[in-house]
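Heads up: the structure comes next, in structure tokens.
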There are 4 protein chains.
Amino acid sequence: MARNLRAKIPASDTLIVHDVNEATMQKFAAEAKAAGAGANAVEITDSARALAEKSDTIITSLPEPVHVKHVFHSILKPGPLPTLERERLFIDTSTIDPASSKEVAYAVQAPNHGRFVDAPMSGGVVGAEAGTLSFMFGASSKTGALVERVKLVLAHLGKNAWHLGEQGAGVSGKLANNYILAINNIAVAEAMNLGVRWGLDPKALASMINSSTGRCWPSEVNNPVPGVVEKAPASRNYDGGFGISLMRKDLKLAIAAAQESGTPLELAATARGLYDAVDDAHPGKDFSVVYKYLQEISR
Amino acid sequence: MARNLRAKIPASDTLIVHDVNEATMQKFAAEAKAAGAGANAVEITDSARALAEKSDTIITSLPEPVHVKHVFHSILKPGPLPTLERERLFIDTSTIDPASSKEVAYAVQAPNHGRFVDAPMSGGVVGAEAGTLSFMFGASSKTGALVERVKLVLAHLGKNAWHLGEQGAGVSGKLANNYILAINNIAVAEAMNLGVRWGLDPKALASMINSSTGRCWPSEVNNPVPGVVEKAPASRNYDGGFGISLMRKDLKLAIAAAQESGTPLELAATARGLYDAVDDAHPGKDFSVVYKYLQEISR
Amino acid sequence: MARNLRAKIPASDTLIVHDVNEATMQKFAAEAKAAGAGANAVEITDSARALAEKSDTIITSLPEPVHVKHVFHSILKPGPLPTLERERLFIDTSTIDPASSKEVAYAVQAPNHGRFVDAPMSGGVVGAEAGTLSFMFGASSKTGALVERVKLVLAHLGKNAWHLGEQGAGVSGKLANNYILAINNIAVAEAMNLGVRWGLDPKALASMINSSTGRCWPSEVNNPVPGVVEKAPASRNYDGGFGISLMRKDLKLAIAAAQESGTPLELAATARGLYDAVDDAHPGKDFSVVYKYLQEISR
Amino acid sequence: MARNLRAKIPASDTLIVHDVNEATMQKFAAEAKAAGAGANAVEITDSARALAEKSDTIITSLPEPVHVKHVFHSILKPGPLPTLERERLFIDTSTIDPASSKEVAYAVQAPNHGRFVDAPMSGGVVGAEAGTLSFMFGASSKTGALVERVKLVLAHLGKNAWHLGEQGAGVSGKLANNYILAINNIAVAEAMNLGVRWGLDPKALASMINSSTGRCWPSEVNNPVPGVVEKAPASRNYDGGFGISLMRKDLKLAIAAAQESGTPLELAATARGLYDAVDDAHPGKDFSVVYKYLQEISR
């Protein structure tokens, strides 16, 4: 993502980076230097606060709610940030729960430190490298300006940016989408396992499903049966792809957020328990490995 | 289906029909007569046996396994069928369980009464009327001839005919597809309900999902939120469409067949119990009414 | 129940009976006659209304909510009942849902036709014959008189009568108890199956569980493994006992009532789906046959 | 447990202890010394191996399978143990999965290092202190001697010792019992929540259930509604008792062992997912806190 930003932002801009991994930052700065004249300047800082003091657009990308809260605490705790020409725009691309996202947004916006926008992404490592990520974001549309500014920034990082509603709508939409994904993935694994055990050819079965009402991303793009989709993780021993632990995390966030809002998710507990068991049996694999697990527990 | 058959079979052929509903048969015959010269001859019979005696291609379409078994019993019980020029081909388009289908196939084929092919369809009443049904069939491919003959017949009734494997593969494939459909439908209803209760615009949420990894038939074609897809049952009070009781039937068949083959379906029991409750609350509606039920039980 | 009533009510009382089955009534009346002098008089009537006109205490025992509503409609529809010396007391021993029970109570009490008390029972056919039923009832305790009167009547029919609260509390309590029963029964069947498949002796396993935290009615009294409890249905091919269809009915009522009150039952949908499948496979058997079903679907 | 052992073993015996916590060992030795003349000698060692070299009866009590494997590896790795007068008896009181238990038993017994017996306990910290633990053990009964020797040892630590079958049967039985406990606990929490929300008095409801078919340990001893059972964790803010994380561990082990043996546990995934969510919301509490969680997610 940082590479794409560096390549695409206007020449007049400076990209300032910060990461807990010092070596990674140094390597990135060296790369930028090697890219030579004409390439954008890259600066590294030793804290998120230092970065935020000098930047009008701050993009964060972190694993869990606790990390997002911690980083923003470190930015905001020392007191008011120096005023810059443009209002600061904080874009958080982490997938976290709506409540945590709103909490951080409040901490940023209530004292007028700037605007906070939640903009989780989908597309994985492949999409991040290729610059083809999709973003779904939540931002006040009272003035059109904020939404347009967010879209301009995200255009440097991906190919789509969906404005789903007020602040919080981005992470909400992401969790809703990934909930469907979590369940559809199990459904496809169960149905493919059933078909294969009944003696059907998995490729023929997948073709039929993909022309019928069963078609979905796990049947078409990420089919869990090895050999059906050549480029899917299933065809390379379930390596790469979307790790089960990430799916468990998203499912956990969706369940907690649903609970808070009193919304039933009838299949959620069963799905979560199943992913737990699959992760115990096949840690580190793509979440389509549910198929392999089901095969193993079949008679 | 009979209307399309009448319109599309060669002029030299005669369409013989039988139905338990006498009035329906008479009406159909009258229609054929009214169609006048050049239209195919239609004959009505008073029993499935009488029909089978005179026909080399017999198509059955019945609600449940018990009806299929009963009709074939009535055909085969009286003894050997008179020999015709071509070997008889029985095509059963009912959605039943693989074990029942194999049982009937055995009763037909073991004494050389002809060939039995399972060819359930998808596309609903709309597809049947428009002649755009999809068929998935199971037929021995030892000689190419049988598969070709089946495809020719089904071409009069629909637009696709998938050969999935040996006899039984058609109903197996249908149940596998509809299992995915049953689960994906719940997942979409849950996620849309979650999003709407979080304050997201349902149309924007659906658009994002349909461009992301959550895309599936229930999100795109049959979206359960009224107003999101204009032509979906949800937009007309969940009338028409695919009735919950039919979904319950398919789910029941899939569970029984999975059980017989020792194949786990982790989400099946929860889904079945949920459809039971939804059917209690909203009998006769399209199966996307799960969304409405979830709305009602939300806090 | 009628036999016990006849035997236990004061000699001055007359027992009036009505049943849709004419032959059953005649047989019961003949039995009473044969019992000779000293036995209570038994009278049969041809309608519930006729019975209610002459009785100050009316006990109903019916299968489903629809029957209860129908019978009370037939009693109340023709208009005010003739006044008797004592206020009429209607005791409904059917297991129905709280909402239906309250609806009927309202129809009885709003126009002052008498008092309506819900008093479902547990103990089965065996308990009914032996007079050892337990009743749980809901009745206003504003005056102690009603509660005492109900207890006196129920003492003729069983050994316990629990006053759980206001009208409706009886059926509510029954559904809560039977929900636990439904789930515990599955838990025990699953655990016993697991133990047996691991090679443990089922009797030793059951003894240990019954001295530990796993002890419950399905492990101790109704153990699902043939031979563990000699008198349990499991030891006589799962015949007799508490039929699966009755358990399905109670589960259905509990789920509907929970839904109406916005109360989550996380295990309910899975349990309901499982009982559906067990009933498909083993219709008419005691609900402990879940064990046999699980055995069959084990690898 | 060590205190009870010290108090009950014959005066001629020496109790040798080892723990990773040095301070705990020192404190225990000091206590023994303070107990003065007549009290059994206590010796502390700096490794499990050193302990095993000098002891003919070795009791281990560890949290998870990985710890059990690790400790036995440290004992067996250095080579044959010195021969003692009696054959060594290893009694492992940890609750682990049957496969791990058999693996360690094999490592001990194949090279004739002694006998390995699995003897998990129930009764918690309270039972351990009071010496009222129950043990369930697996030991070859080819000669009666081993079973008798195990019973004699366990009599120093608890009040019951159930011999359930061959080696492995102890941990198997424990997991089967705790599986029932995990599910029954949810069932009771759901039913009590339902009853309370319907307006029933929780004490009256619990009394009725405890006299009916719903009676079980979670309804009677560990009732999840505050105030119903005075000494239950629910009545002291769910502190103490059986922690959710321990229940999650046992459920995880049961699921993994069931999977390995191809045994279905239909309610397991839902239960596991639910305990996950409850642990997220109320970490560190007694597992009856499921009730509180359900209350919170009720409408």
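The values are calculated or read from the model by the stated rules, or taken from the named source; none is laboratory data. Small disclaimer: the values here were computed from a predicted structure and weren't measured. No Cβ is skipped: glycine too gets one built from the backbone with ideal geometry, and neighbour counts run over all protein chains shown. The accessibility values were calculated without ligands, DNA or RNA, using every heavy atom of the protein model including side chains. Shrake-Rupley method; radii C 1.70, N 1.55, O 1.52, S 1.80 Å.
The table below gives the values:
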quantity	calculated
Relative contact order computed over chain C (Cα-Cα under 8 Å; 6+ residues apart), in percent	13
Reduction of at least 40 Å² in accessible surface, 1.4 Å probe, comparing all protein chains with the chain by itself, residues of region C:238-277	C:Q259, C:S261, C:G262, C:T263, C:P264, C:E266, C:L267, C:A269, C:T270, C:R272, C:D276
Inter-copy separations for A:S211, label at 7 Å along Cα-Cβ, nm, ascending	3.0, 6.5, 6.7
Convex hull per residue volume in Å³, alpha carbons only, for region A:166-281	128
Exposed GluC sites (Glu not before Pro) absent: longest stretch of chain D, with sites in DSSP loops and at most 11 other Cβ within 10 Å deemed exposed	D:86-229
Neighbourhood charge, 13 Å Cβ-Cβ cut-off, centred on C:P80 and excluding it, Lys, Arg +1 and Asp, Glu -1	+2
Apportionment of accessible area to carbon and sulfur, region D:47-166, percent (1.4 Å)	56
Cβ-vector label at 7 Å, D:K27, separations to other copies in nm	4.7, 7.3, 8.7
Å² of accessible area per residue within region C:173-297, as computed with a 1.4 Å probe and no ligands counted	28
Residues with amide H under 5 Å from that of D:L89, placed H, sequence gap 5 or more	D:T57, D:I58, D:R115
Within the protein assembly as shown, percent of DSSP bridges classed antiparallel, to nearest 5	20
Region B:217-255: trypsin sites (Lys or Arg not before Pro) falling in loop per DSSP and having at most 16 other Cβ within 10 Å	B:K231
Computed log₁₀ I(q)/I(0) - Debye formula, equal Cα scatterers, no solvent, region C:47-167, q 0.19, 0.22 Å⁻¹	-1.05, -1.38
Farthest positive-ward along region B:229-299 dipole, Cα basis, beta-carbon charges - from B:S288, B:Y275, B:Q259	B:S288
Cα centroid separation, region D:221-299 to region A:159-175 (Å)	34
Built amide H within the under 5 Å cut-off of D:W162, gap 5+	D:F135, D:M136, D:F137
For region B:148-158, Karplus couplings with θ = phi - 60° (6.51, -1.76, 1.60), whole Hz, Gly/Pro x	5, 5, 4, 4, 4, 5, 5, 4, 6, 10, x
Estimated dipole of chain A in Debye, rounded to 20 [Cβ of Lys and Arg +1, of Asp and Glu -1, Cα centre]	360
Kirkwood estimate for chain A, i.e. one over the average of 1/r between Cα atoms, Å	21.0
B from A by rotation - nearest chain A beta carbon to the axis, in Å	A:C216, 2
Per residue value of the accessible surface for region D:47-166 (all protein chains in place, 1.4 Å probe), Å²	46
Interchain or long-range residues, amide H under 5 Å from B:V17's placed H	B:E43, B:I44, B:T45
Mean shadow area of the protein assembly as shown, taken as a quarter of the surface of its Cα convex hull (nm²)	62.5
Local electrostatic count, B:L246, Cβ distance below 11 Å [Lys/Arg +1, Asp/Glu -1]	-1
Size of the B/C contact, given as accessible area buried on both chains, probe 1.4 Å, in Å²	1200
Calculated label separations, D:P283, copies of the chain, 7 Å along the beta-carbon direction, nm	1.8, 5.0, 5.3
Residues of type aspartates and glutamates that B:K27 reaches as a straight line, Cα spacing below 16 Å, ignoring anything fewer than 8 places off in the same chain	B:D19, B:E43, B:D46
Charge context of B:N160, other residues only, Cβ under 15 angstrom, K/R +1, D/E -1	+4
In Å, descending, principal axis extents of the Cα set of region A:84-233	66, 29, 22
Average Cα contact separation per residue, region C:1-136, under 8 Å, 6 or more apart, as relative contact order %	20
Crossing angle, helix D:98-109 versus chain D [Cα axis fit, 0-90 degrees, rounded to tens]	10
Listed residue pairs exceeding 30 Å between alpha carbons, taken from B:K102/B:K159; B:K203/B:K252; B:K249/D:K252	B:K203/B:K252; B:K249/D:K252
Cleavage-rule hits (trypsin sites (Lys or Arg not before Pro)) in region B:86-185: DSSP loop, at most 11 neighbouring Cβ within 10 angstrom	B:R86, B:K142
Fraction of beta bridges assigned by DSSP in chain C that are antiparallel (%, nearest 5)	20
Reachable aspartates and glutamates, given that their alpha-carbon falls under 12 Å from the alpha-carbon of A:K292 and they are not under 8 places away in the same chain	A:E190, A:D279
Nearest 10 degrees, 0 to 90: helix C:169-197 Cα axis against chain C principal axis	20
